[in-house]
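K.L.:
So that we are looking at the same thing, I have put the structure below in structure tokens.
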Amino acid sequence: MGLSGRGISRRVFVSGLAAVGLVGCQTGGAGPVARPSQAWPRVPNAGWDAWVAGFRGRAVARGISDRTLSAAFRGAGFIPAVIERDRNQFQDRRSLEDYLAIATSDERLSMGRAAMSREGRVLSRVEAQYGVPAEVVAAIWGVESRFGTRRGEVPVISALSTLAYDGRRGRFFEGQLVAALKILQRGDVSPSRMVGSWAGAMGHTQFIPTTFNAYAVDFDGDGRRDIWADDPTDALASAAAYLKASGWRAGQPWAVEARLPEGYSGPMGRRATRSLAAWRAGGVHPVGRAPSGGAAGLIQPQGAGTPAFFVFHNFNILLKYNASEKYALSVGHLADRLSGAGPLAQSFGPDEHGLTLAQRKALQRRLGARGHDAGTADGVIGKATEAAIRSYQRVAGLPVDGQPSLTLLRHLGG
Ligand code: CA
């Protein structure tokens, strides 16, 4: 989900991350995913009607024509499920390790390779024009909408007017609604095709309306900026245009793994920038071949004993797309994997249950083999895995807590 350049963090759109991309694919598909539009019924609401009547005047004052308004609101309505979603926002407690496991699951990597091959020509042209590597654009696409397979199906005018009327973040959503109407007025898309996530993130790259108006491009030259179509051409170019406008530097790295000396207590942080030579002098070394990319900061998001990264200028640009380090590392690592790099060299070690990633995957596989479906064995313990554990614990006569453990893994045997 793209965000405006004025610091409107995608954190206000936490659900965007939940609805598509990174959390939608957790094991067993238990997470929120794009649902059929029947799951978002519009219902009569006199308060919403009155709000829209008042809003029309404000929209006209901001340059929206009566004709646009009538077309946009024909068939629009109040969607209670949107309010529900806004009230129950997904609290993102996933670790960086989980994020990376989901972003670079075998399934997503193979989808990504297929998508890159399918859209190779477009991605090359986009890279040539904007200087953003094909793999980085593809990785954003993969994280935002699973390469276009989860673009959202909520009618945007209904969703945004519902949120603006509701008022919890009314001003923000009214601004997005006006921006959405400007898109319709310009003719980039018809009202019926303007769908997205429940909070108004749209298309292959999940742009919110203000981001769309600031950065979307018509790359195939048909006169419309269309990020909703099955053909992702305009969307991919728009993502690259956004990164370029945010300051992406062509030919430079985003990050590289860093190895810290035992008990390291030196400088740390995205802004603690210095040359790699200076870092080396302090005992911190790049893993593998060092890129030439100017000064780097140093981050270790999950704490001591977990992977650390030298982060370069372009890492901060990925953060402009979404102000979460976990997000930026997921996009960057997926890009690296799509360009042929292997998994991270350093491991995260055991989780709070004492299990490593490999052990969590083994646990999921063994549960599945015994008929307790834990979903994809990606090592991410989500609702599906917990349900499978409870199911097994009941059958095996164990205390039913749904929690993974080494004891449970041993109980499940080899
Ligand atoms: Ca176009």
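FYI, it's all coordinate maths here, none of it is from the lab. If you're wondering where the values come from, they're calculated on a predicted model, not measured in any experiment. Cβ placement follows ideal geometry from the backbone for every residue including glycine, while neighbour counts extend to all protein chains displayed.
K.L.:
At 25 °C and a viscosity of 0.890 mPa s, what translational diffusion coefficient does Stokes-Einstein give for the range 357-412, taking Rh as the Kirkwood radius over Cα pairs? Give it in µm²/s as a whole number.
P.N.:
My calculation gives 231 µm²/s for D.
K.L.:
Mind checking the full-extension length gain between LEU398 and SER275? Use 0.36 nm per residue of separation minus the Cα-Cα distance, one decimal, nm.
P.N.:
Full extension of this stretch gives 38.8 nm more.
K.L.:
Between ARG168 and ARG87, how many nm apart are label points set 7 Å from Cα along the C-beta direction?
P.N.:
My value for the distance between the label points is 0.8 nm.
K.L.:
Rounding to the nearest 10 and keeping the result within 0 to 90°, find how far the Cα-based axis of helix 120-130 lies from the longest principal axis of the chain.
P.N.:
Result, in degrees: 80.
K.L.:
Right, here's the next one. Just flag the GluC sites (Glu not before Pro) in the range 321-414 sitting in loop per DSSP whose Cβ has no more than 15 other Cβ atoms within 10 Å.
P.N.:
Filter output for the range 321-414: GLU352.
K.L.:
Across the range 282-341, what fraction of all alpha-carbon pairs, as a whole percent, falls in each successive 10 Å bin from zero upward?
P.N.:
Values per bin, smallest distances first: 19, 56, 25, 1.
K.L.:
Determine the equivalent ellipsoid of the range 267-414 by diagonalising the alpha-carbon gyration tensor, then write out the semi-axes as square roots of 5 times the eigenvalues, largest first, rounded to whole Å.
P.N.:
Ellipsoid semi-axes (Å, largest first): 39, 15, 13.
K.L.:
Could you order the peptides 400-412, 237-249 from most to least packed, using the average number of other C-beta atoms within 10 Å per residue?
P.N.:
Packing order, densest peptide first, comes out as 237-249, 400-412.
K.L.:
Note the angle between two axes, namely the Cα long axis of helix 383-396 and the longest principal axis of the Cα atoms of the chain, as a number of degrees from 0 to 90, rounded to the nearest 10.
P.N.:
50 degrees
K.L.:
Once the range 94-152 is represented by equal point scatterers at the alpha-carbon sites, with solvent omitted, what log10 I(q)/I(0) does the Debye formula produce at q = 0.18, 0.19, 0.20 Å⁻¹?
P.N.:
With no solvent term, the Cα-only Debye profile gives -0.63, -0.69, -0.75.
K.L.:
Same structure, new question: In bins 10 Å wide, starting from 0, what share of all Cα pairs of the chain does each bin hold, as a percent?
P.N.:
Histogramming the chain at 10 Å steps yields 5, 21, 28, 24, 15, 6, 1 percent.
K.L.:
Relative to the longest principal axis of the chain, what angle (0 to 90°, nearest 10) does the C-alpha long axis of helix 325-338 take?
P.N.:
Helix 325-338 sits at roughly 80 degrees to that axis.
K.L.:
So how far apart, in nm, are the two label points at GLN185 and ARG249 if each is 7 Å from Cα heading toward Cβ?
P.N.:
With each label placed 7 Å out from Cα toward Cβ, I get 4.0 nm.
K.L.:
Here is a follow-up. Which of these, GLY54, GLY187, GLY175, has the largest mean-square fluctuation under a Gaussian network model of the chain (Cα springs below 10 Å)?
P.N.:
Between GLY54, GLY187, GLY175, it is GLY54 that shows the largest mean-square fluctuation.
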